[in-house]
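Taking it in order: structure first as structure tokens, then the write-up.
Please treat every number below as a calculation from the coordinates, not as lab data. Note that the coordinates shown come from a computational prediction; the quantities given were computed from them, not determined experimentally. Backbone-built Cβ (ideal geometry, glycine too); neighbour counts: all protein chains shown.
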Amino acid sequence: MMKKIDLDKLDLLTLSILVSLYENKSATHVSRILDVPASKISRCLHSARLLFGDELFIRRKYGLVPNDYAGRIYPIAKEIVDCAKNFNRMNSAELSHSRYFELVMPGMIAHAYPRALMNAIKEQNKDIHINVNNWDKHALESVSNDPNNIVVCGCKSPEEIHCFDQKLQVEVLAKMGPQYLLCCKNHPLLKQEITLESIAEYPYINTLMGAQAPIINPFQEYCQIKNLPLETEMTITNVSSLFDYLSDCQSLALTPYKAVYDMIDEESGLHACQLSEFEVNRLFDVVEPLKLVLVTHPNAVNEDATWLKQQIRELTSELI
């Protein structure tokens with residue numbers, strides 16, 4: 001039975017932190033996304049645990065895993081937080097409708113954008129408010145309906161986006177060519193020659209989501225074409241969840257994001273290495289690399305949107 005909640009002690013920041021913790025499973029990432037000090041996140045989580053009379057999240061090596069009770073709270077908190085965002089929309093509509101932006105980024109690199117973008121906003125004295133979200137299935141619908149939404153996502157070609165809405169503006173930011181292998185530091189693959197065939201011998205974690213649906217990533221497609229047996233264990237698009245899972249199993253993953261590779265250190269319990277140029281060429285001789293694209297509404301042509309898109313272009317080039 002759920003404890004009766006004292007609503008006088010429940011604040012919007014705490015709900016925002018709970019929602020972001022549920023989605024990102026890492027206090028460090030939430031601190032970057034919400035631009036809130038880690039100490040404040042700890043205090044709010046402590047207050048929430050007392051308020052709800054439950055632990056809510058279980059601490060694991062690579063982050064905080066929500067329990068069943070947190071899963072029941074999440075949709076309610078998410079609805080409240082999303083509704084509250086309309087105050088910012090209303091305010092920006094009265095002042096300048098171009099001031100408030102919703103940004104949607106791939107889950108594996110979404111944590112890298114907020115702090116860098118906020119620093120640029122402050123340095124150049126821009127009167128812009130941003131809210132950064134992880135990619136979800138509603139992202140294209142949101143950018144199709146709102147000029148102040150900007151989406152970055154992976155796809156095979158811009159035509160995939162235009163099939164959803166031909167009016168959307170689609171710009172290719174990068175071809176996702178380099179591939180980085182992620183696995184536990186004691187993985188048996190590390191005692192073998194690392195090839196496409198040897199990678200396929202182990203359970204595989206997909207880390208990419210497509211523009212409209214789960215996507216067959218290049219390695220999976222290669223294995224299909226070459227009739228190479230591959231066990232795709234699951235899809236994980238949250239970086240802290242991926243690290244937590246890979247740290248103690250025989251599974252492995254490939255990612256095109258250098259930003260993820262750069263997060264691995266000696267203390268992580270994980271091993272990361274860039275796939276050799278020879279193996280990458282073998283892969284892309286058979287299949288096309290995915291493209292990372294910037295998707296905007298056709299009316300997103302104001303000065304602030306133009307400036308923000310340029311910041312996203314520059315930052316994205318550092319993450320690939």
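From least to most packed, judged by other beta carbons within 10 angstrom and beginning with the fewest, HIS138, HIS271 follow the order HIS138, HIS271.
Counting Lys and Arg as +1 and Asp and Glu as -1, what is the net charge of the other residues whose Cβ lies under 15 Å from the Cβ of ALA110? Walk me through the intermediate numbers first.
Numbers: positive: LYS25, ARG32, ARG115; negative: GLU23, ASP35, GLU102, ASP136, GLU318.
The answer is -2.
Dipole size in debye (nearest 20) for the stretch 7-78 around its Cα centre, Lys and Arg Cβ +1, Asp and Glu Cβ -1? Please report the intermediate quantities before stating the final value.
Values: 11 positive and 7 negative charges, 56 e Å.
Its charge dipole is roughly 260 debye.
Just want the answer: with Cβ charges of +1 for Lys and Arg and -1 for Asp and Glu, which residue in CYS273, GLN220, THR28 is farthest toward the dipole's positive end in the chain? The one lying farthest along the dipole's positive direction is THR28. Remark: spin-label model distance LYS9-ILE194 equals 5.0 nm, labels positioned 7 Å along the Cα→Cβ axis.
Among LEU12, ALA110, ILE58, whose Cα lies farthest out toward the positive end of the dipole of the chain, if unit charges sit on the beta carbon of Lys, Arg (+1) and Asp, Glu (-1)? Final value for the positive-end residue is LEU12.
Annotation for THR28 and LYS122: the two label points, set 7 Å from Cα along the Cα-Cβ direction, are 2.1 nm apart.
Run the count for the stretch 131-242, please: Lys pairs, Cα-Cα under 23 angstrom, 8 or more apart or on different chains.
Working: LYS137/LYS156; LYS137/LYS167; LYS137/LYS175; LYS156/LYS167; LYS156/LYS175; LYS156/LYS226; LYS167/LYS175; LYS175/LYS226.
Here the count comes out as 8.
Listed peptides 18-26, 118-126 appear in the order 18-26, 118-126 once ranked by packing, highest mean of other Cβ atoms within 10 Å at the front. Ordering 235-242, 263-270 by mean Cβ neighbour count within 10 Å, with the highest value first, yields 235-242, 263-270.
Each listed q (0.13, 0.14, 0.15 Å⁻¹) maps to a log10 I(q)/I(0) for the stretch 180-288 from the Debye sum over equal C-alpha point scatterers, namely -0.45, -0.52, -0.60. If you take the beta carbon distance between ILE76 and GLU171 as r and set R0 to 41 Å, what does 1/(1 + (r/R0)^6) give as a FRET efficiency, to the nearest 0.05? After rounding to 0.05, the efficiency reads 0.65. On alpha carbon coordinates alone, what is the Rg over Rh value for the chain, Rh being the Kirkwood radius? Checking Rg against Rh, the ratio lands at 0.98. Counting other Cβ atoms within 10 Å, which trypsin sites (Lys or Arg not before Pro) in the stretch 136-186 have at most 14 and lie in a DSSP loop? In loop regions of the stretch 136-186 (DSSP not H, G, I, E or B), the sparsely surrounded trypsin sites (Lys or Arg not before Pro) are LYS137, LYS167, LYS185.
The alpha-carbon atoms of the stretch 155-232, seen along their principal axes, cover 50, 25, 16 angstrom, with the largest extent given first. Each Lys or Arg adds one and each Asp or Glu takes one away; over the other residues whose Cβ falls under 12 Å from the Cβ of GLU303, this sums to +1.
With both bridge residues required to lie in the stretch 176-320, what share of the DSSP beta bridges run antiparallel, to the nearest 5%?
Details: 9 of 14 bridges.
Once the DSSP bridges in the stretch 176-320 are tallied, antiparallel ones form about 65 percent.
Here is how the number arises for the chain: DSSP H runs of 4 or more residues each give -39500 (n - 2.57), the sum is divided by the residue count, and the result at 222 nm is -13000 deg cm²/dmol. Over the alpha-carbon set of the stretch 7-78, divide Rg by the Kirkwood Rh and report the Rg/Rh ratio to two decimals. That ratio equals 0.92.
Here the dipole of the chain is about 740 debye; that uses its Cα centre as origin and unit charges on the Cβ of Lys and Arg (positive) and Asp and Glu (negative). Residue exposure proxy: CYS44, CYS249, ordered by other Cβ atoms within 10 angstrom of their Cβ from fewest to most, comes out as CYS249, CYS44.
Here the Karplus relation 6.51 cos²θ - 1.76 cosθ + 1.60, evaluated at θ = phi - 60°, turns the backbone of the stretch 167-174 into coupling constants of 7, 5, 8, 10, 10, 6, 8, 6 Hz, with x for every Gly and Pro. About its Cα centre, the dipole of the stretch 252-295 is roughly 240 debye, where the only charges are +1 on Lys and Arg Cβ and -1 on Asp and Glu Cβ.
Write down the percent of antiparallel bridges among all DSSP beta bridges whose residues are both part of the chain, to the nearest 5. Intermediate results must be reported in sequence, preceding the final value.
Details: 25 of 39 bridges.
Around 65 percent of the beta bridges assigned by DSSP in the chain are antiparallel ones.
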